Amino acid sequence: MPLVESSPDGATVVLHTRTGSYAVRLDHAAGAVRPLHWGEPITVAAAAELPLWQPPYDMAFEGPYDGSEDFPFDGGRRFGPRALGIRYADGTGGLDLTITGHHLGPDTLVVDLADRAGPVAVHLHYRVAADTDVIERWSAVRHTGTDQPLELTDHAAAVWCLPPRDDYRLSHVTGGWCREGRLHRTAVPVAETTLTSRRGMTSHSANPWVMIDDGTTEEENGEVFSAALAFSGSWRVTVLRTHDGPCSLLGAAGHDRVTTPLPPGTTVTSPVFAAQRTTGGFGAASRAWHDYQRRRILPHPDEDRPVLYNSWEATEFDVSETGQRRLAELAARLGAELFVVDDGWFGARTNDRAGLGDWFPNPARFPDGLRPLADHVRSLGMRFGLWVEPEMVNPDSDLYRAHPDWVLHLPTLPATEGRNQLVLDYTRADVREWALSWLDDLVRSCDLAFLKWDCNRPFTEARPQSWIGHALGVYEVLDRLRERHPRLRIEACSSGGGRVDLGALARTDQVWTSDNTDAVDRLSIQHGYGQLYAPETMVAWVTDSPNPLTGREVPLEFRFHVAMSGVLGIGGDLATWSDADLATAAGLVGQYKSIRPVIQHGDLYRLTGPEATVTASAYVAGGAAAVFVWRVPGGPAETITLPLPGLDPGAVYRDATGRQFHGAGLRSTGLPVTLAAGPMVSALVTLERA
Ligand code: GLA
C-alpha cells in the first residue's frame, strides 16, 4: 500500500503511518486543508466519505474553522492562533489564500496555496516518516512579487488538529538550570495555552513538545497524540481548545512578535513540527519517539556511545596538563573510552570572566599545545575530546577587543551580560566562517574525536532576525563541521539541558542532560528527559559524594545505577577516590558495557512515576533486559515485585544468578527484586533469554 493516497477527485488525501492513518480534505472553497481523521488505519474510499467537523452554530461571531484546519491564516472569519500572517510596509496585512494545487510523492503531500490579494505563495509539506508513527510537517512561504516588501508576523510550521474527545489533558515539561525535565500533566483549559522560549535558544524552562490524551491514558495503556518541534532557537507551541470542542497544536519557530522579513523573490521555510498518534499509553508514545529519533533524526543511531570521563567537576577552571594526565590515567583504569577536557584549556580562561572566544591552548597550561595530552590519552586507549562554547565571548578577550561589533547588541541599549559573556551573532556570515575555521583547525590539529558544544546564556538585545536565524547559523556551522569531519562526535550542552530538541539531535550525538549530577535529583530530571528523547542521547555522570552542588551524600552504587540508565560518564575527582571505590567503579563500568546495547538501543519501560517511594525503569532489547530499581527514603530490607510489560510472554529468562523466570509471569506477576536496608539503595537486575 502506498504511504500517501488521494481520492479520484483529489479532494481527500490519506497518509498512512506504521500503525494508523491521517486524512485531510482539501477544501478549495475555504482555502483550507481540513482534518478528517487521525486514528486507526483507514482507506481513502472510507476517508472520502467522512464529513468535515461542523461548528454547532454557524454564527457571525464564530470562526467556523477555528481549531479545525491545518494552517489557519490571517483572513476571513478566523479568530484563533494564526499559522500565517503578513504585514506590508504600510502596516496593513491580511490574506485570502486559495488552494492552487497539490502533489503526492511516495511518502509526501505538498499542498500549494496562493494569496488572491497579494504576492504570497504557501507550500504545506507533509511527510510520512516510513516505519514510524510520525508524520513530519513544515511550511514554506514565498514572496512571488518583485516589489512591495513584506514581513511575516506569524509563520508556523504546522497546526495539528486533534479528533473530538470528551476531554483533553496536556503533558509537558518545565524546568530551570539544574532542575530540568519536571513533568506536568494537567487538563487543557478552554483557552490558548502557549509553551514558549523567548531566550533565542530551546531553554531549560520549557521544551518544545506536548502530549495530549483524553484524561484517561496511563503509562502503558491509552491513546496519546504528541507533537515535537525540531528547532533550537526561540519557539512556541500553542494548544488551542475552543468552547465548542476542537483542540489543536500550533508549532512555530520564534516567540510572539518575532517577525521575519520576506523580500520579493525569497522563500522562508519553517522547521519541522512532527506529530504522532500512538496507543499503548505514555510509555508507548515515548518509545515511538525514541524509535523515530533512531530511524530519522540521530546521525549515528546504531553506534554505542562511549563511556566518557569529563574533568569539569574535578577541576573546574583549575586545568593543568599534569592534572589532566593523572585524571586520564585513572579514567582509563576505570574503563573510560573517551576523555574530555572541559572548560579552562584555552586563552586566558582561568575563570569565567575572561578568555571565551580565544580558542588556542592556554600557553602557560599547555606550553606544547594540546597534542601531547591528546596523544597520552590515546596511548591509554581512549579517544580525546574537548569542551567548546563557539557562540559566546567574554568582553575580556582578544576576540571581543578585535570584533566588538560581532555580538548581539542594539545601538541604544547597554549589552546585558550573562555569566560575564555576550552572544556572538551567528546570523553574520563572517562570524560563522570564523567559527568554522577555528573549529576545523582544532579538530584537525588534535585529531579530536569529540566536542562538547556548550551555550551558556540566553539572548538579550537581539535584533529580530536573531531569535530564529542564530539557531539556523549554528546548524550551518555544525553541519559543515560534521561534513568535514565525519568521525567527529558532538555533545549538545547549554548549561546542562538548555538545548535539547529534535533540531539539535539531528546534528549532534548526545546531550549533557543537566549540570545537576546529584543522583537523587537526576531521577526526576531523567524521567522527564526520556518522555521524548532516546536513552542513547542522555549523558549522565557519576560524580563525587557529597555532591558538589547539592551537598547530598549518595552511595557509589546508587550513583552508578542512575548514570548507567543513560549514556554512562564519570565526572568525579578520581584522584580523591579510594582504591576500593575505584575497583567498584571499574566493575560497574564493565557491567555497563555488557548491557550497553540494551540500554542505549532498547525499549524503555518506566515502571513507576518519579515521585514513587521505589522508582524503577526497564530497558528491553533482543531477548535481554536491564531493570533498575531505586529507593531514596530509608527503609527495611525488602523484596518488591515489578511487572515487566516489555518481555516476550513465551520466553524464559535467566538473571545473573541463574534464577529462571517465565516471560508471561514476569509480565503479569513481576520480577522480585531485593533491596537492602537503608536510604538510597538501588539494584540492577539483568535478564537474558535462557
Ligand atoms: C556549563 C556546562 C558544564 C560545564 C561548564 C563549563 O555549565 O553545562 O557542564 O561545561 O559550562 O564552564
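What follows is calculated from the coordinates using simple rules that are stated; it is not laboratory data. Computed from a prediction, not measured in an experiment: that's the story for all the values here. For neighbour counting, all protein chains shown are included, and Cβ atoms are generated from backbone atoms with ideal geometry for every residue, glycine included.
Two decimals is fine: what's Rg over Rh for the range 287-372, C-alpha atoms, Kirkwood radius as Rh? Mind dumping the intermediate values first?
Values: Rg = 16.8 Å, Rh = 15.0 Å.
With Rh from the inverse mean 1/r over Cα pairs, Rg/Rh is 1.12.
Can you sort GLU218, GLU192, GLU557 so the residue with the fewest Cβ neighbours within 10 Å comes first? Please list the in-between numbers first.
Values: GLU218 11, GLU192 14, GLU557 21.
Neighbour counts put them in this order, fewest first: GLU218, GLU192, GLU557.
Remind me, relative contact order of the range 614-689 in percent, using alpha carbon pairs under 8 angstrom and six or more residues apart? Mind showing how you got there, number by number?
Values: 169 pairs, mean separation 30.6, N = 76.
40 percent.
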Check: Near the amide H of GLU220, under 5 Å away, which other amide H atoms are found, from residues 5 or more places off or on another chain, if H is placed in the peptide plane?
Finding: PHE282, GLY283
Note to self: With 10 angstrom as the radius, rank PHE560, PHE661, PHE273, PHE61 by how many other C-beta atoms surround their C-beta, starting from the fewest.
What the structure shows: PHE61, PHE661, PHE560, PHE273
Next item on the list: Counting other beta carbons within 10 Å of each Cβ, put TYR88, TYR126 in order, fewest first.
Entry: TYR88, TYR126
Note to self: Expected output is a single nm value to one decimal: the length gained when fully extending between ALA664 and ASP112, i.e. 0.36 nm times separation in residues minus the C-alpha distance. What is it?
What the structure shows: 193.5 nm
Item checked: Debye-sum result for the range 508-650 in log10 I(q)/I(0), which assumes one identical scatterer on each alpha carbon, at q = 0.09, 0.17, 0.19 Å⁻¹ -> -0.27, -0.99, -1.23
Item checked: Karplus-derived HN-Hα couplings along the range 192-199 (A = 6.51, B = -1.76, C = 1.60, θ = phi - 60°), whole Hz, x at Gly and Pro -> 10, 9, 10, 9, 7, 10, 9, 9
Check: Using Cα pairs under 8 angstrom and six or more residues apart, how large is the relative contact order of the range 53-297, in percent?
Finding: 21 percent
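Scanning the chain for helices, which whole DSSP H stretches are 30 Å or more long along the axis (Cα) and average 0.0 or more by Kyte-Doolittle? Each step should come with its number before you reach the end.
Values: long enough: 579-601 (32 Å, 0.06).
Span-like helices, by this rule, are 579-601.
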Notebook entry, point to check: What is the Cα centroid distance between the range 333-409 and the range 142-210, reported in whole angstrom?
Noted result: 36 Å
Next item on the list: Starting from the Cα gyration tensor of the range 24-167, take the square roots of the eigenvalues, sort them a ≥ b ≥ c, and report rounded, prolate or oblate (rounded when a/c is under 1.5, otherwise prolate if a/b is larger than b/c, else oblate).
Entry: oblate
Item checked: Whole-percent pair-distance distribution, where bins are 10 Å wide, for the alpha carbons of the range 87-218 -> 9, 27, 30, 26, 7, 0
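So what's the convex hull volume per residue for the Cα atoms of the range 614-689, in Å³? All intermediate terms of the calculation are to be shown ahead of the outcome.
On the way: hull volume 5.5 nm³, N = 76.
Per residue, the Cα convex hull of the range 614-689 comes to 72 Å³.
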Margin query: So if I restrict to the alpha-carbon atoms in the range 13-92, what is the Rg, and what is Dmax, the biggest pairwise distance, in Å?
Written below: 15.1, 49
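Taking only DSSP H segments of four or more residues, each worth -39500 (n - 2.57), what value at 222 nm results for the chain once the sum is divided by all its residues, to the nearest 500 deg cm²/dmol?
On the way: 13 runs with 138 residues, N = 690.
Computed mean residue ellipticity for the chain: -6000 deg cm²/dmol.
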Next item on the list: Mind grabbing the base-10 log of I(q)/I(0) for the range 222-369 at q = 0.22 Å⁻¹? Debye formula, identical points on the C-alpha positions, no solvent, two decimal places.
Entry: -1.26
Note to self: Please report the antiparallel percentage of the DSSP beta bridges confined to the range 380-465, to the nearest 5.
What the structure shows: 50 percent
Checklist line | ARG182 versus HIS300: modelled label distance in nm, points set 7 Å from Cα along the beta carbon direction | finding: 3.6 nm
Note to self: Over all directions, the average projected area of the alpha-carbon convex hull for the chain comes to how many nm²?
What the structure shows: 31.4 nm²
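For an R0 of 22 angstrom, estimate the FRET efficiency from the Cβ-Cβ distance between ARG401 and ALA364 and round to the nearest 0.05.
Numbers: r = 20 Å, r/R0 = 0.90.
Using R0 = 22 Å, I get an efficiency of 0.65.
How do 524-533, 594-603, 153-162, 95-104 rank on mean C-beta neighbours within 10 Å, highest first?
On the way: 524-533: 24.0, 594-603: 20.1, 153-162: 25.7, 95-104: 16.8.
Per-residue mean Cβ counts within 10 Å order the peptides as 153-162, 524-533, 594-603, 95-104.
I'd like the per residue volume of the convex hull spanned by the Cα atoms of the range 53-297, given in cubic angstrom.
Values: hull volume 32.7 nm³, N = 245.
In the range 53-297, the Cα convex hull volume per residue is 133 Å³.
Compute the relative contact order of the chain as a whole-number percentage, counting only Cα pairs closer than 8 Å that sit 6 or more residues apart in sequence. Please list the in-between numbers first.
Working: 1726 pairs, mean separation 68.2, N = 690.
RCO, the chain: 10 percent.
Can you bin the range 205-250 into rounded, prolate or oblate? Criterion: square roots of the alpha carbon gyration tensor eigenvalues sorted a ≥ b ≥ c, rounded for a/c under 1.5, prolate for a/b above b/c, oblate for the rest.
Numbers: a/c = 2.90, a/b = 1.32, b/c = 2.19.
Verdict is oblate for the range 205-250.
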Notebook entry, point to check: Under a plain spin-label model, where a point goes 7 Å from the Cα along Cα-to-Cβ, how far apart in nm are ARG463 and TRP438?
Noted result: 2.2 nm
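Starting from the coordinates of the alpha-carbon atoms of the range 318-447, obtain the Kirkwood hydrodynamic radius over all distinct pairs and give the value in Å to one decimal. Don't skip to the end; give the middle numbers.
Details: mean 1/r = 0.0631 Å⁻¹.
Radius from the Kirkwood sum: 15.9 Å.
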Item checked: Euclidean distance of C-alpha centroids, the range 620-690 and the range 531-557, integer Å -> 22 Å
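Out of the DSSP beta bridges found with both residues in the chain, what percent are antiparallel (nearest 5)? Before the final figure, lay out each step's value.
Working: 131 of 159 bridges.
Antiparallel bridges make up about 80 percent of those DSSP assigns within the chain.
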Item checked: For the range 308-601, convex hull volume per residue from C-alpha positions, Å³ -> 127 Å³
Next item on the list: Please give the contour-minus-distance gain from VAL190 to ARG353: 0.36 nm per residue of separation, less the Cα-Cα distance, rounded to one decimal in nm.
Entry: 53.9 nm
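Suppose the chain between LEU413 and TYR88 were pulled fully straight at 0.36 nm per residue; how much longer would it get relative to their current alpha carbon spacing? Show your work: numbers first, answer last.
Numbers: separation 325, 0.36 × 325 = 117.00 nm, distance 2.77 nm.
Between LEU413 and TYR88, full extension yields an extra 114.2 nm.
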